[in-house]
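Below is one structure, written out as structure tokens; the observations come after it.
The values are calculated or read from the model by the stated rules, or taken from the named source; none is laboratory data. All figures in this text were calculated on a predicted structure; none of them were measured in a lab. Because the Cβ atoms are built from the backbone with ideal geometry, glycine has one as well, and the counts that use them run over all protein chains shown. Note: accessible area is taken over every heavy atom of the protein model, side chains too, but ligands, DNA and RNA are not part of it. Shrake-Rupley method; radii C 1.70, N 1.55, O 1.52, S 1.80 Å.
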4 protein chains.
Amino acid sequence: MSDSKKVFLVIGAGAGIGGHAAKRFAEGGYHAVLARRSDAEGLERLVGEIRDSGGEASGKLLDASLPDSIEDLVDDIERGIGPIESVLYNLGAQIGNRPLTDTPLRTFELGWRLGCFGLFRLAQCLLPRMAERGSGSLLVTSATAAVRGNAGQHSHAAAMGGRRMLCQTLNAEYAPKGVHVAHIVVDGSVDAPDTLGKLLGDRFEAYKQAKGEEGVIDPGVLADTYWHLAHQPRNCWTHEIDVRPFTDTPWWNDNPPAAIDTKSR
Amino acid sequence: MSDSKKVFLVIGAGAGIGGHAAKRFAEGGYHAVLARRSDAEGLERLVGEIRDSGGEASGKLLDASLPDSIEDLVDDIERGIGPIESVLYNLGAQIGNRPLTDTPLRTFELGWRLGCFGLFRLAQCLLPRMAERGSGSLLVTSATAAVRGNAGQHSHAAAMGGRRMLCQTLNAEYAPKGVHVAHIVVDGSVDAPDTLGKLLGDRFEAYKQAKGEEGVIDPGVLADTYWHLAHQPRNCWTHEIDVRPFTDTPWWNDNPPAAIDTKSR
Amino acid sequence: MSDSKKVFLVIGAGAGIGGHAAKRFAEGGYHAVLARRSDAEGLERLVGEIRDSGGEASGKLLDASLPDSIEDLVDDIERGIGPIESVLYNLGAQIGNRPLTDTPLRTFELGWRLGCFGLFRLAQCLLPRMAERGSGSLLVTSATAAVRGNAGQHSHAAAMGGRRMLCQTLNAEYAPKGVHVAHIVVDGSVDAPDTLGKLLGDRFEAYKQAKGEEGVIDPGVLADTYWHLAHQPRNCWTHEIDVRPFTDTPWWNDNPPAAIDTKSR
Amino acid sequence: MSDSKKVFLVIGAGAGIGGHAAKRFAEGGYHAVLARRSDAEGLERLVGEIRDSGGEASGKLLDASLPDSIEDLVDDIERGIGPIESVLYNLGAQIGNRPLTDTPLRTFELGWRLGCFGLFRLAQCLLPRMAERGSGSLLVTSATAAVRGNAGQHSHAAAMGGRRMLCQTLNAEYAPKGVHVAHIVVDGSVDAPDTLGKLLGDRFEAYKQAKGEEGVIDPGVLADTYWHLAHQPRNCWTHEIDVRPFTDTPWWNDNPPAAIDTKSR
């Protein structure tokens, strides 16, 4: 327990964005709480690395799709460790491209439970506390699918589109109360062993090779941007920001462009 | 039963947009099927009006939040009446402005069930049939909240934001198969007794008076735009369109603008 | 001269969108005035076709980049033919894809003069007249480049981006005065011999073949959408709409999508 | 002259954003070059302050609307001081709200010359140099008017809308070459004596008082965000970001929201 430290909570703390954000905030003096669904061993390793570097951290296994799981976690932390000054909602809902008929109803629903409803639940139990303290930040990792729906992304895009609008309603109500809500559109692939790595499996290393040097987002680098956002003074808050590797075509551009852009008449 | 007629299905057929769209498509030669959750009497009246004008129509009470309700309806129509050539998903999820802490989890979830999940279910059971026939259109009534989240709109905006992204994923997969998906951003209030009328109650007439002549969307007029969209030849399809009364400030503008726009430096 | 007829003016009246819009409005009872920069013969042919079909039309050669050219045209029409009820600004500024260093300053400036400044000049001399009459519509043909800047589109995108924002400021000031401003995002190639045809030259027919049946926008079909927009009652006005062939990927989607959408994670 | 230092150039270096960015980059080890149109005395003061703090800085009076002015400045710096590693285009074009008929053609054109064309000229003479060096960043201060056109903002919005699309085309061509282009949407008023201060005159202090504590963007704080963006490693670049004070309603929200959001039905 650390009375003197501010708490940084990550929901979705794998070895990619979540874990690196936890490290970054721990380096900056926060007590980092890492919550994830499974892999107690991997979680312990992340917590251990932070502690070995002289930081404070705790780990917690958590199935965010279960009722009260997020709510109880927030309660426990605020009572047992200290006030959560900053929280990162980092749960993804990407399941790869699936045609409409290969997207079961329960898959679509689970996408929403993790991608949108969990954020609502987190906000509902934590933002009023932050507002009462007049300070706090909610960082939300988001995706290309939050701003455009691509073929095969039915579940993911519907969840992320809801997530983005929810961030705007939360900001509209809570920014004036001193709570900073930031929606980060991660528009490129991340060097994240626990998500993209598992999605690609054996092909992950070849994929990164093909992307070239600095062609995949380094989650440690992204963590610096998260840190920056969480510490903007409140006269100058960012609500939305995008990031991608320099070699990646942004979501709004074709790759490659037509020789003659007959489209843009 | 009408073998020779194309079917137009409206899910959410009140006395506003849904009912007028049904009338418009019946006038144009469709067999209109009107589905709504409650008020059998009101439903019968709408169906009766269409029939009295020489059109074909059927009515169906339907709780779209129940499992299989939409799926069974589509099945029944396609078997009993004929192929659905055009469908309007017109269910709203507006509950008025509610602070975060006054938005129960079940309310947020119901908003999603009606605003987003129901559309997914409809698409999943109907679009493959349309694709097989190489023809069909899915019109989706949408709202300001689909493009921006305003204070108090947590449930509505999250549902509508998901709805909009879902329309894009459906379009990406089904447009090349000949199915037209159109997302209509209704960015103004509609003269709809069954939704806005009930929300405002006694104040509805005063509200319309205050908006002035032609200050509220006439659902019969909007129905003409729906008809136009559903009948665009496939070399020139619209995916997204907005509508509002001429006196209404679009969602992206302030009302009124600052005397000096210090914001837009 | 036709006192009894409303006037429809097209600035940029080639054989594609502009010419077909003129035909459509002439069929609907307007006196169509077709203005274009060059090719008197082609212009006469368009005017002749309308007259042969029983419509009213006039032609005018006009270099819209010259001072007072648009202003004088509007003056002449309003004095000599009648009040302009509807106007279509249809000048493009597409020059194909050019790297930054191959885009001369004068090219960039000309793009703006035709793509943005000409619309401002038209609006300034015509919208106050429409506002005084309490009625009128300004249709603006726009392009993909108005909503996203793609590689090589420096001149075009800068002009079209300005055009789109200008349409919003014009709408904000003039919609409440009864003038309908509509911005049409043409997000696909058009079967337009005078623009795309000239850009592609000999390859135009092969290009259309490759796009397949109904794979290119038929400007006559688009003209019907223009007509619809110009005649929406003012309780239900559209400010922005997109169109594309059913086989075209919308500007916000990749074509083709990645096998695994590693981007949208 | 400073061979060992990277150069940071600000075009539009008043006492607000531009001046503070120059200070921040000078603190970080850059030689800051401050260019502005007028007020040699004010410019000298800014340069002096940086030097007094141990930083390197130069000042230059420059009318960016004149041909070759920007081009010559870039040439001079690259030859006389060193390679420009980072540049901030900070020229505004806000002239306050003016009805269409009170916006002279030359005003509209000047807005474009400063707001859009100057950026194109800067990019054309500098980005190829950066690309050849494989490194560099172009920061572009932008405004609410780049994303929505409000009443009275004809000149400003058309210029800024073009600016935003231009940033996207520049990014599309130059990001893969190692040049980072970032478009910063400043969606709130800035404590900038030379721009907003002059626009408001005597009312500036009262305006800031009314906005409350931290209710106006501190340009020194914003400069930290500029620094962060310019130093993101290239595997994780931001192209667009917004900022505003916590008390300011974002551009997409109404202020205040309607008691019942009849709009977002």
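Key figures for this structure:
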{"quantity": "Residues of region D:60-108 classified as small (Gly, Ala, Ser) and free of Cβ contacts under 8 Å to residues at least 40 places away in the same chain, total", "calculated": "1"}
{"quantity": "Failed item, numbered, when B:Met130 is tested on (1) within 11 Å of chain A (Cβ to nearest Cβ); (2) in a helix (DSSP H, G or I); (3) in contact (Cβ under 8 Å) with a residue 12 or more places away in the chain", "calculated": "(1)"}
{"quantity": "Sole residue being touching a Pro at 6+ places or on another chain (Cβ under 6 Å) and either at pLDDT below 95 or buried (at least 24 other Cβ atoms within 10 Å of the Cβ) (or both), chosen from C:Gly212, C:Gly188", "calculated": "C:Gly188"}
{"quantity": "Subset of region D:133-148 (residues that are in a helix (DSSP H, G or I) and surrounded by fewer than 22 Cβ atoms within 10 Å (Cβ to Cβ))", "calculated": "D:Arg133"}
{"quantity": "Failed condition for C:Trp112, given (1) farther than 18 Å from D:Phe120 by Cβ; (2) at the interface with chain D (Cβ under 7 Å from one of its Cβ atoms)", "calculated": "(1)"}
{"quantity": "Single unsatisfied condition, D:His20 versus (1) in contact with a strand residue (DSSP E or B) (Cβ under 9 Å, 6 or more places away or on another chain); (2) under 24 Å from D:His231 (Cβ atoms)", "calculated": "(1)"}
{"quantity": "Among the residues listed as B:Arg148, B:Arg133, the single one being in contact with a strand residue (DSSP E or B) (Cβ under 9 Å, 6 or more places away or on another chain) and not hydrophobic (A, V, I, L, M, F, W, C)", "calculated": "B:Arg133"}
{"quantity": "Selected residue [within 9 Å of another protein chain (Cβ to nearest Cβ), assigned to a strand (DSSP E or B), at pLDDT 95 or above and under 27 Å from A:Gly16 (Cα atoms)] from D:His180, D:His228", "calculated": "D:His180"}
{"quantity": "Region D:149-166, residues that are of a type in the set (A, V, I, L, M) and either in a strand (DSSP E or B) or closer than 13 Å to D:Tyr89 by Cα (or both)", "calculated": "D:Met160, D:Leu166"}
{"quantity": "Tally, over region A:233-249, of residues that are in a loop (DSSP other than H, G, I, E, B), within 7 Å of chain D (Cβ to nearest Cβ) and open to solvent by less than 30 Å² (accessible area, probe 1.4 Å)", "calculated": "6"}
{"quantity": "Residues that are small (Gly, Ala, Ser) and surrounded by fewer than 22 Cβ atoms within 10 Å (Cβ to Cβ), drawn from region B:215-232", "calculated": "B:Gly215, B:Gly220"}
{"quantity": "Scan of region D:149-176 for residues that are open to solvent by 10 Å² or more (accessible area, probe 1.4 Å) and within 21 Å of D:Val10 (Cβ to Cβ), ordered by number", "calculated": "D:Arg164, D:Asn171"}
{"quantity": "Pick from region B:138-169, criterion over 13 Å from the mean Cα position of the chain (by Cα) and more than 7 Å from every other protein chain (Cβ to nearest Cβ), ranking: nearest to B:Pro245 (Cα to Cα)", "calculated": "B:Val147"}
{"quantity": "Residue count for region D:187-219, restricted to those that are part of a helix (DSSP H, G or I), in contact (Cβ under 8 Å) with a residue 40 or more places away in the chain and touching a Gly at 6+ places or on another chain (Cβ under 7 Å)", "calculated": "2"}
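This table checks each residue for (1) touching a Phe, Trp or Tyr at 6+ places or on another chain (Cβ under 9 Å); (2) away from chain B (no Cβ under 14 Å); (3) under 30 Å from C:Leu119 (Cα atoms).
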residue	(1), (2), (3)
D:Lys60	no, yes, no
D:Gly80	no, yes, no
D:Ser86	yes, yes, no
D:Arg121	yes, yes, yes
D:Leu126	no, yes, no
